[in-house]
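Student: Take a look at this one; I'll ask things after.
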Amino acid sequence: MGVERHLLTHRAPDGLLERAIRRAALPAPGWRPRSVALAVAASLLAGLGGGALLARGRSPQAETITVTLAAPAGTTTGAPADTSQIVHLVCQAPEAGSVAIAGSWNGWNVASEPMRSVGDGLFAADLRLPAGRYEYMFVVDGARWIPDPAAPLGVDDGFGRRNSVIEI
Amino acid sequence: MSSRLLALLIFLAPSWAWAGEPLPDPLRAAVATAEEEGLPVAALESKAREGLAKGVEPARIQAVLEQMMTDLAAVDALLGEAARGPDREALLLGAAAARTAGLSDPSLRLLVQAPVGVRGRGLQSAADLLRLGFSEGDAVALVRRACSADEPLRALAGLATNASLLVASGLAPSTAAEQLSSQENAGRDHPLANVPPQSRSDLPDPAQDSPGKGPK
């Protein structure tokens with residue numbers, strides 16, 4: 001199976017998508033487009049200042065964003081190290097002073113994956129993760145846990161919330 | 001206490017819950033019990049730390065851990081010797097998730113026959129598909145096919161995500177299952193080829209995007 005593209009639609013104000021692309025789609029240091037895959041999507045969290053993956057395109061229909069996720073494009077399977085990917089996450093949280101990602105890969109440590117502010121209330125981060133299945137949430141201002149509404153998969157966390165899921 | 005100091009304390013409060021820090025006694029005892037019973041403990045410890053980081057009360061975390069232990073012990077007993085492989089933790093976690101999602105025991109035993117290192121992931125995918133509303137028959141068939149692919153981990157990694165997106169695009173789970181199955185059989189068309197046009201305006205051409213790496 002080669003590259004697969006996945007789509008979602010979300011509502012967004014005019015211009016947000018383009019800003020997200022311009023500001024957040026910056027490759028991380030060491031970026032190797034032929035050997036890693038970029039997982040991109042976008043979402044908006046009205047009111048709560050929610051999280052998102054990177055917006056990628058926009059439908060001609062009003063207020064519909066087309067979101068693209070890319071599956072692994074790199075090497076063959078076998079050793080998990082061969083299938084690690086850079087996952088690019090973007091969170092829109094206009095009111096936030098800081099946003100971090102806590103997930104099963106980092107022991108749910110809200111301090112280990114801070115996102116960088118890229119302006120216009122957007123926060124971005126690049127994660128290199130080996131093949132596997134991971135659960136995560138965005139943490140706004142160190143205290144407010146929110147799921148990524150752009151994540152295609154989610155799962156009940158057992159505590160009354162819903163974790164987002166990344167599959168690599 | 002100033003509001004700034006209070007905010008700082010709130011921010012720092014969960015820090016002890018992270019890896020490397022000992023768990024509170026009741027949770028540590030639960031994890032120790034699981035270890036004594038031969039159950040995989042990494043996922044239990046991760047769930048404990050997740051709950052603590054999220055500010056969940058320890059009593060509730062403990063209840064979640066106990067339920068996880070019950071589920072893991074049940075699938076351990078069900079699978080018997082099959083659960084003794086090097087992928088024991090992933091297998092038990094996947095089996096417990098699939099069973100909780102509604103997978104029957106005969107189907108569970110069937111999926112456990114997938115290769116070691118793949119079957120745990122396959123069971124997680126089956127759990128995802130069932131939660132998305134796929135029938136057990138469709139979920140098992142799709143997972144078995146992915147597990148037998150040339151690159152099973154990659155096939156499984158995209159399976160539930162593709163399924164979720166197809167369902168989100170408006171397809172019934174049964175139709176989505178047919179499409180996923182036919183795409184794998186055809187080995188040429190994009191998995192979302194039949195998604196309504198308004199949802200795929202930005203769909204890149206897989207052939208152009210990744211020469212020689214189109215879907216099988």
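The values are calculated or read from the model by the stated rules, or taken from the named source; none is laboratory data. Everything quoted here is computed from the prediction, not taken from an experiment. Counting neighbours? That spans all protein chains shown, and the Cβs are built from the backbone with ideal geometry, glycine included.
Student: It is to be established whether one or more residues within region A:157-164 are within 26 Å of B:LEU65 (Cα to Cα), among the hydrophobic types (A, V, I, L, M, F, W, C), modelled with pLDDT of 95 or more and more than 15 Å from the chain's Cα centre (by Cα).
Tutor: Within region A:157-164, one or more residues are within 26 Å of B:LEU65 (Cα to Cα), among the hydrophobic types (A, V, I, L, M, F, W, C), modelled with pLDDT of 95 or more and more than 15 Å from the chain's Cα centre (by Cα).
Student: Still on this structure, please answer the following. Residues A:THR77, A:THR68: which one is outside any strand (DSSP E or B), out of contact with any Cys (no Cβ under 8 Å at 6 or more places or on another chain), of a type in the set (Ser, Thr, Tyr) and at pLDDT below 90?
Tutor: None of the other options fit; the residue is A:THR77.
Student: Within region B:6-106, which helices (runs of 4 or more DSSP H) (wholly inside it) include 1 or more residues that are at pLDDT 90 or above, under 20 Å from the mean Cα position of the chain (by Cα) and surrounded by 15 or more Cβ atoms within 10 Å (Cβ to Cβ)?
Tutor: Result: B:42-53, B:58-79, B:88-100.
Student: For region A:131-149, what are the residues that are within 11 Å of chain B (Cβ to nearest Cβ) and in a loop (DSSP other than H, G, I, E, B)?
Tutor: A:ALA131, A:GLY132, A:ASP141, A:GLY142, A:ALA143
Student: Tell me, which residue of region A:150-162 that is in a strand (DSSP E or B) and more than 8 Å from chain B (Cβ to nearest Cβ) is surrounded by the fewest Cβ atoms within 10 Å (Cβ to Cβ)?
Tutor: Checked region A:150-162; the qualifying residue surrounded by the fewest Cβ atoms within 10 Å (Cβ to Cβ) is A:ASP156.
Student: Follow-up. For the subset of region A:111-126 comprising residues that are within 14 Å of chain B (Cβ to nearest Cβ) and assigned to a loop (DSSP other than H, G, I, E, B), which member is nearest to B:LYS54 (Cα to Cα)?
Tutor: A:ALA111
Student: Please state which one of B:LEU72, B:LEU23, B:LEU111, B:LEU93 is within 11 Å of another protein chain (Cβ to nearest Cβ) and either without any contact (Cβ under 8 Å) to a residue 60 or more places away in the chain or hydrophobic (A, V, I, L, M, F, W, C) (or both).
Tutor: Within the list B:LEU72, B:LEU23, B:LEU111, B:LEU93, the selection yields B:LEU93.
Student: Taking into account only those residues within region A:131-149 that are surrounded by fewer than 24 Cβ atoms within 10 Å (Cβ to Cβ) and of a type in the set (Phe, Trp, Tyr), which is nearest to B:ARG131 (Cα to Cα)?
Tutor: A:TYR134
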